[in-house]
Each structure stands twice: as C-alpha cells, then as structure tokens.
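Chemist: Handing you this structure, nothing more for now.
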Amino acid sequence: MLEKITSNILFMPAEEKTDRPVLGAVSGAEKSFIIDSGNSPAHARQFIKKLSASRVPPPRLMGITHWHWDHTFGMSAWDIPIIAHTDTRKSLEALMEYSWDDGSLDKRVKQGLEIEFCAEMIKKEFAWDRGQIKVEVPEIIFPDRLTIDLGGITCLIEKVGGDHDSGSTVFYIPEDRVLFLGDCLGPDLYAPQYYYSIGKFLGLLEKIRGYGAQIYVGSHGDPESSEGLEKEMEEWEEIARIVEKRGKDWEGILGQIKESFDREPTPDDREMAELFLNGLEIKERE
Ligand SMILES: [Zn+2]
C-alpha cells in the first residue's frame, strides 16, 4: 500500500539503493494527478500497481519536478499526458541523443556531462536491460505556473528554479497545504564541485516560505512538518550569511557557527558551509 499524507494525497517513499525518488498522487473526486514518473519503467510499474491497490481515482495527468534521470526515466511506462516546465522539456530533448551503455556513461562522466553517482545508480537500476531506457518529452509545457483542477482539489504547479536545476518545479495543494519540493533545495551537482550560490539559495527559501505549506515533501527523504523544515531553513540561512561575511576564512566560519548555534558545528553544518564556499569560489572565477 501507499503512504498517506492527507486523505487526498498519497506517496511511495524514496529508495536509496538505486536512488528512487518519492512518487506522489493527488486525488480529486474522479481523477488523480501523479508527481514524477519514477527512475525506470520498473519503478513506475511498482507505483501503478500500488495506486490501483489503494483504489484511488485513475491517474489522468502527470507533472515532473525536473529533468534528472531519477524523476523522468519512468515516463515511458505511463500513458497519460505529462506536464513540465519549458526548461525541463529542453533538457530532456538533449538527453534523447545519448546512449546509455557503460562505455557511453563512463565517457560522459569523464567529460563532466554526467555525475559519477548518477551513472552508478543508472547501472544498478537498469542492471539487466539498459535498452529499456527510453527518454521521452512532456506533452504539456508551461513557462511559469499552471493550476490544475482535479475536482474539489487543485494543484498549483510553479517553476521555482534554484541551484539544483533552473527548471525545478514545485507542486502546491492549497486545500491540504502540502508542497512537493522535488530536489529544488539541493545544490548544483553538475559542476566540478557541488555548490550553492548564496543569493539564489536565500531567494529560493523565501519563495518556498511564501506558500504557507504545513507539510513539505522532498524527493529523497520523508515528508516534513513546516516547523521541522523552518528550523533547518533558519540554520541554512545563518550559515549562508556567515560564509558570505567571512569568505574563505574557514576557521572563522566554524567559530562563528559555534557561536551562533551554541554548539560544535555538525557534519551537516560543515557540508552546507562548504557548498556555499564553493559557490563563492565559482562566482569569483566567473
Ligand atoms: Zn535532481
């Protein structure tokens, strides 16, 4: 069975082993809206099976959070219209040219076009038949935002962008105050060093707060309460401001984190600080 967020919203949890993300279903009176396609046809079929066992109204439309393989390689297993941001469609069109055998994947990792972690996960998820990878493109594209009416419940689809992907799109269900975030809060992974740009990241947090959601659903973790995410967001903001002020003074950054949070910097604090610092260095080089 699927897990319940509210009486209208179900999800299948993420699976770390082959980087399968959360898949969501928002159900109105007669139809359901699906969020993300799965990382393979097998992942998609698992969700389709659980959806029918959960007796939700039939899936009629799907929205994609962003182009990354783990969110889109399940598209070919669905026969419903798919909605995505203009940038997401463009990125998927480019992916259609690629081959997915080990040699091609390894070559793209060397060229910096593919992330080593993703290549490894693709090999694992498609261990038996890499030929199953069929990149498709969405039928319905939108420039900024779009609302869909599912009968008694609506879903606001909006591009928020951010470092992780410029086309990152969130899905907000105002009646239930649930926000599907995709990976939008993640760093840019397609760079020699993973990074966050401070300005972009702080702007994104403001946008996310603006929805007034009570429950947040990220793609690679468990749903979180607004209190939980708000506490994390405040810490990230503080770390961003500290890095912005201190620049490359790593000891100074750690000292100020200790002072601000009244504790030793945790591995997560250090990682966030490093990602912001990488962003500063990239900006400097530009
Ligand atoms: Zn992603």
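The values are calculated or read from the model by the stated rules, or taken from the named source; none is laboratory data. The structure displayed is predicted, hence computed values, not measured ones. All Cβ positions, even for glycine, are placed from backbone atoms using ideal geometry, and neighbour counts span all protein chains on display. Remember, those area values only see protein heavy atoms, side chains included, never the ligands or the DNA or RNA. Shrake-Rupley method; radii C 1.70, N 1.55, O 1.52, S 1.80 Å.
Chemist: Averaged over every viewing direction, what's the projected area of the C-alpha convex hull for the stretch 27-184? Give it in nm², one decimal, please. It would help to have the intermediate numbers written out before the result.
Modeler: Values: hull surface 37.1 nm².
Computed as one quarter of the Cα hull surface, the answer is 9.3 nm².
Chemist: Please name whichever of VAL170, GLY28, THR88 sits farthest to the positive end of the charge dipole of the chain, dipole taken about the Cα centre and charges placed at Cβ: Lys and Arg +1, Asp and Glu -1.
Modeler: GLY28
Chemist: Here is a further query. Over the Cα atoms of the stretch 190-237, what radius of gyration and what Dmax do you get, in Å?
Modeler: Taking only Cα atoms of the stretch 190-237, I get Rg and Dmax of 12.1, 36 Å.
Chemist: Helix 41-53 versus the longest principal axis of the chain: what is the Cα-based angle in degrees, 0 to 90, to the nearest 10?
Modeler: Once rounded, one gets 60 degrees.
Chemist: When all alpha-carbon pairs of the chain are counted, what percent fall beyond 34 Å?
Modeler: Here the long-distance tail beyond 34 Å is 22 percent of all Cα pairs in the chain.
Chemist: Hey, what's the Cα Rg ratio for the stretch 197-269 versus the globular rule of thumb, 2.2 N^0.38 Å?
Modeler: Expressed relative to 2.2 N^0.38 Å, the Cα Rg reads 1.22.
Chemist: Amide H of LEU23 versus every other amide H placed in the peptide plane: which residues, excluding those fewer than 5 positions away on the same chain, fall under 5 Å?
Modeler: Residues meeting the amide H criterion: MET12.
Chemist: Same structure again: Which order do the peptides 66-76, 275-285, 175-185, 80-90 come out in when sorted by mean C-beta neighbours inside 10 angstrom, highest first? Could you put the intermediate results ahead of the total?
Modeler: Details: 66-76: 24.7, 275-285: 17.4, 175-185: 22.5, 80-90: 20.7.
Final packing ranking: 66-76, 175-185, 80-90, 275-285.
Chemist: Next question. Once label points are set 7 Å from the Cα along Cα→Cβ at both GLU284 and ARG270, what is their separation, rounded to one decimal in nm?
Modeler: 2.1 nm
Chemist: If I model a spin label as a point 7 Å beyond the Cα along the Cα-Cβ vector, how far apart are those points for ARG209 and LYS245 in nm?
Modeler: 1.7 nm
Chemist: Work out from phi, with θ = phi - 60° and the Karplus expression 6.51 cos²θ - 1.76 cosθ + 1.60, the ³J(HN,Hα) of each residue of the stretch 233-241, listed in order in whole Hz, and give x for Gly and Pro.
Modeler: 4, 5, 5, 4, 4, 4, 5, 4, 5
Chemist: Please determine, in degrees from 0 to 90 and to the nearest 10, the orientation of helix 267-285 with respect to the longest principal axis defined by the Cα atoms of the chain, where the helix direction is its Cα long axis.
Modeler: 80 degrees
Chemist: About its Cα centre, how strong a charge dipole does the stretch 9-60 have in debye, to the nearest 20, once Lys and Arg get +1 and Asp and Glu get -1 at the Cβ?
Modeler: For the stretch 9-60, the charge dipole is close to 240 debye.
Chemist: Now for a separate question. If I take all pairs of Cα atoms in the stretch 112-238, what percentage of them are more than 25 Å from each other?
Modeler: Cα-Cα pairs of the stretch 112-238 separated by over 25 Å account for 36 percent.
Chemist: Related question: Angle check, please: helix 102-111 long axis (alpha carbons) against the longest principal axis of the chain (alpha carbons), in degrees 0 to 90, nearest 10.
Modeler: Compared with the principal axis, the helix lies near 30 degrees.
Chemist: Could you calculate, for the stretch 235-285, the ratio of the Cα radius of gyration to the Kirkwood radius, expressed as Rg to Rh?
Modeler: 0.94
Chemist: Can you work out the accessible area per residue across the chain, with the rest of the protein chains kept in place, probe 1.4 Å, in square angstrom? Show your work: numbers first, answer last.
Modeler: Working: 13680 Å² over 286 residues.
Averaged over the residues of the chain, the accessible area is 48 Å².
Chemist: How many nm separate the modelled label positions at GLU116 and SER99, each set 7 Å beyond the Cα in the direction of the Cβ?
Modeler: Calculated label separation equals 2.4 nm.
Chemist: Same structure, new question: How far, in nm, would the chain grow between HIS220 and LYS134 when pulled straight, counting 0.36 nm per residue and subtracting the alpha carbon separation? If you can, show how the numbers build up before the last one.
Modeler: Details: separation 86, 0.36 × 86 = 30.96 nm, distance 2.30 nm.
Additional length available on full extension: 28.7 nm.
Chemist: Taking 0.36 nm per intervening residue step and subtracting the Cα-Cα distance, what contour gain separates GLU238 from LYS258 on full extension?
Modeler: 6.1 nm is the gain from fully extending GLU238 to LYS258.
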